[in-house]
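Peer 1: Quick one: structure below, then a few questions.
The values are calculated or read from the model by the stated rules, or taken from the named source; none is laboratory data. Quick caveat, the model's predicted, so the values are computed rather than measured. Ideal geometry is used to build each Cβ from the backbone, glycine not excepted, and the neighbour counts take in all protein chains shown.
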Amino acid sequence: MRALFAVGPLAVLLPPILLTQVVGPDPEDVARGAQVFELVCAGCHSLDPPPDSAPPMRHVSAHLRRELDTFEAFAEHVRTYVPAPSAEASLLPPRALERFGLMDALPLTEDVLTAAAAYIWTLADSAVVMGPGAMRGGGHGMGPPGGGRRGPMRGTMPPDTTGTPDPGGQSGPR
C-alpha cells in the first residue's frame, strides 16, 4: 500500500513506513512531559549549559535525535534506559559518561516515561541539531558567512553537544 501526497506541484508516492517517520509526539504528552521534567529530571539536568550534575537536556535531546531516526525509537530508548541505565545502553559519547557517570535508575511508569520522552524530543527543535563540522562556517547554518568570530565564542563545536568539554580544546569560551 502506498500513499499519494501532493508536494507543491509534484505528487510523490511514499511507502507507508516513511509516513511513520514523520510522526512526532502527542501534544498532550509533550505538556505532561514538561511537568515530569520539572519535577523529576531538572534536579540533575539543566535545559542549557552550563551543566549541573548531568548533561544539559537540550544537548542530550539533540544527540539522541541524531542517533535515533523516529520518535518511537527515541521514546523506546527513554522507556528502557531511564529505569535501568547502563554504559552499554547509553547512546551518549563515552566522555559524557566519564564526566557525569551513569544516572540513577528511575522507576517511573511507562506512560510517565513516554510523556518525558515527548517533551525531551521537542527540546532538540530549539537546539542546534547539526552533523559534524556544521559550525565551521562557509555560509551554511547559523553565524556569519565564512565562520568568522561571533561574540565570545570562536573555534568549532564538537560533533556531539552533551555539555562535556572537547578534549582537543576546540570549543567553548576562551
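Peer 1: Restricting to the stretch 52-91, name every residue that is assigned to a helix (DSSP H, G or I) and polar (S, T, N, Q).
Peer 2: 61, 80
Peer 1: State whether one or more residues within the stretch 122-130 are modelled with pLDDT of 95 or more and in a helix (DSSP H, G or I).
Peer 2: yes
Peer 1: From the list 33, 43, which one is at pLDDT 95 or above, of a type outside the set (Ser, Thr, Tyr) and surrounded by fewer than 14 Cβ atoms within 10 Å (Cβ to Cβ)?
Peer 2: Checking each option against the conditions leaves just 43.
Peer 1: Within the bounds of the stretch 66-73, is there any residue that is aliphatic (A, V, I, L, M), within 19 Å of residue 125 (Cα to Cα) and modelled with pLDDT of 95 or more?
Peer 2: Filtering the stretch 66-73 for residues aliphatic (A, V, I, L, M) gives 68, 73.
Cutting the leftovers down to within 19 Å of residue 125 (Cα to Cα) gives us 68, 73.
Okay, now just the ones that are also modelled with pLDDT of 95 or more, so 68, 73.
Looking through the stretch 66-73, at least one residue is aliphatic (A, V, I, L, M), within 19 Å of residue 125 (Cα to Cα) and modelled with pLDDT of 95 or more.
Peer 1: In this structure, is residue 99 modelled with pLDDT of 95 or more and among the charged types (D, E, K, R)?
Peer 2: Considered against the rule, which asks whether it is modelled with pLDDT of 95 or more and among the charged types (D, E, K, R), residue 99 comes out as yes.
Peer 1: Before we move on, is residue 108 out of contact with any Ser or Thr (no Cβ under 8 Å at 6 or more places or on another chain), surrounded by 12 or more Cβ atoms within 10 Å (Cβ to Cβ) and more than 22 Å from residue 39 (Cα to Cα)?
Peer 2: Numbers: out of contact with any Ser or Thr (no Cβ under 8 Å at 6 or more places or on another chain): yes; surrounded by 12 or more Cβ atoms within 10 Å (Cβ to Cβ): yes; more than 22 Å from residue 39 (Cα to Cα): no.
No, not satisfied.
Peer 1: Within the stretch 92-105, can you find the residues that are buried (at least 16 other Cβ atoms within 10 Å of the Cβ) and either without any contact (Cβ under 8 Å) to a residue 40 or more places away in the chain or not in a helix (DSSP H, G or I) (or both)?
Peer 2: Scanning the stretch 92-105 gives 92, 93, 97, 103.
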